[in-house]
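Beneath this line is the structure, given in structure tokens, with notes to follow.
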Amino acid sequence: MKVILLQELRGKGGEGDVVEVAKGYANNYLFRNGIAIPATKGNLKQLELRKHNIAKREETRLANAEALKAKLESASIKVPAQVGDEGQLFGSVTAPMIADALAAEGIEIDKRRIDLAKPIKVVGEYPVNVALYRDIKATVNVAVIDQKTVEEAPAAEAEAEEAQVEAMVEEAVAEVEAAVEEIVAEVQAETAE
């Protein structure tokens, strides 16, 4: 059965494309979810009238996808995970975990667009492919790190900050003591005269 796609359908095409699909798939999924309409003469005529608008939207989508690709490829994402002996993970890093890490960096990606060739089960850095739009794909650098180091990092930062404050206080106290000794020496010198 021929249908006209109203939005992108992975593996089939984008908005405005006329594609051949199974009748049951079209009736039970595509039409019900507003993804496609039947390719009748009237709908094909309307499609011809809308081609210009569709081309503009396609241009915008491609530009947005290219911008997102550049942003993703420059990003380095850290995913904390529970690690056992020898760097083995308890479980594995999944696409939703990577999507959450990207969201924390301000990049919203649907977890279904993240393509993990195989589950990540060891600490390290991995290139992960993300399908953005049609043929545009980006590779994100994902660093799987031990969750303990993430939890210990704020404590270490707090200790370093505390040590820095203590050093500043000790320095200020030493300056005040030196100034007091200087004043006492001046007062003793004046009273001795």
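The values are calculated or read from the model by the stated rules, or taken from the named source; none is laboratory data. Computed from a predicted structure; not experimentally measured. So basically every Cβ, Gly included, is an ideal-geometry build from the backbone, and we count neighbours across all protein chains shown. Side chains are part of the model used for accessible areas, which takes the heavy atoms of the whole protein and leaves out ligands, DNA and RNA. Shrake-Rupley method; radii C 1.70, N 1.55, O 1.52, S 1.80 Å.
Structure above, values below:
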read-out: Gyration tensor verdict on the range 58-164 (Cα atoms; rounded if a/c is under 1.5, prolate if a/b is larger than b/c, oblate otherwise); value: oblate
read-out: Antiparallel bridges, percent of DSSP beta bridges restricted to the chain (to nearest 5); value: 80
read-out: Rounded, prolate or oblate (a/c below 1.5 giving rounded, otherwise prolate when a/b exceeds b/c) for the range 1-75 by Cα gyration tensor; value: oblate
read-out: Nearest-10 value in Å² for the accessible area of Thr149, using the 1.4 Å probe; value: 70
read-out: Cα-based shape type of the chain, given that a ≥ b ≥ c are square roots of the gyration tensor eigenvalues and the cut on a/c is 1.5; value: prolate
read-out: Dipole-positive endmost among Val173, Leu62, Ser76 within the chain (Cβ charges, Cα centre); value: Leu62
read-out: Computed accessible area, Met1, all protein chains, 1.4 angstrom probe, square angstrom; value: 70
read-out: 1.4 Å probe accessible area per residue over the chain, in Å²; value: 68
read-out: Rounded FRET efficiency, nearest 0.05, which uses the C-beta distance separating Ala104 from Lys148 and R0 of 25 Å; value: 0.85
read-out: Degrees, to the nearest 10: 41-74 long Cα axis against longest axis of the chain; value: 20
read-out: Angle between the chain longest axis and helix 147-192 axis [Cα atoms, degrees, rounded to 10]; value: 30
read-out: Estimated inter-spin distance, Ala189 and Gln7, nm [label 7 Å along Cα→Cβ]; value: 8.4
read-out: Cβ charges +1 (Lys, Arg) and -1 (Asp, Glu), total dipole of the range 62-193, debye; value: 2420
read-out: Helix-derived mean residue ellipticity, 222 nm - over the chain, DSSP H n ≥ 4, -39500 (n - 2.57), to 500; value: -17000 deg cm²/dmol
read-out: Protein accessible area in the range 6-121, 1.4 Å probe - carbon and sulfur %; value: 50
read-out: Max mean-square fluctuation residue, GNM over the chain, Cα-Cα springs under 10 Å, options Ala131, Ala55, Ala172; value: Ala172
read-out: Nearest 10 degrees, 0 to 90: helix 95-104 Cα axis against the chain principal axis; value: 50
read-out: Calculated FRET value between Glu58 and Gln164, using beta carbons and R₀ = 41 Å, to 0.05; value: 0.15
read-out: With DNA, RNA and ligands ignored, accessible area of Arg50 (1.4 Å probe; Å², nearest 10); value: 80
read-out: Protein-only accessible surface order, largest first, of Tyr29, Tyr126, Tyr133 at 1.4 Å; value: Tyr29, Tyr126, Tyr133
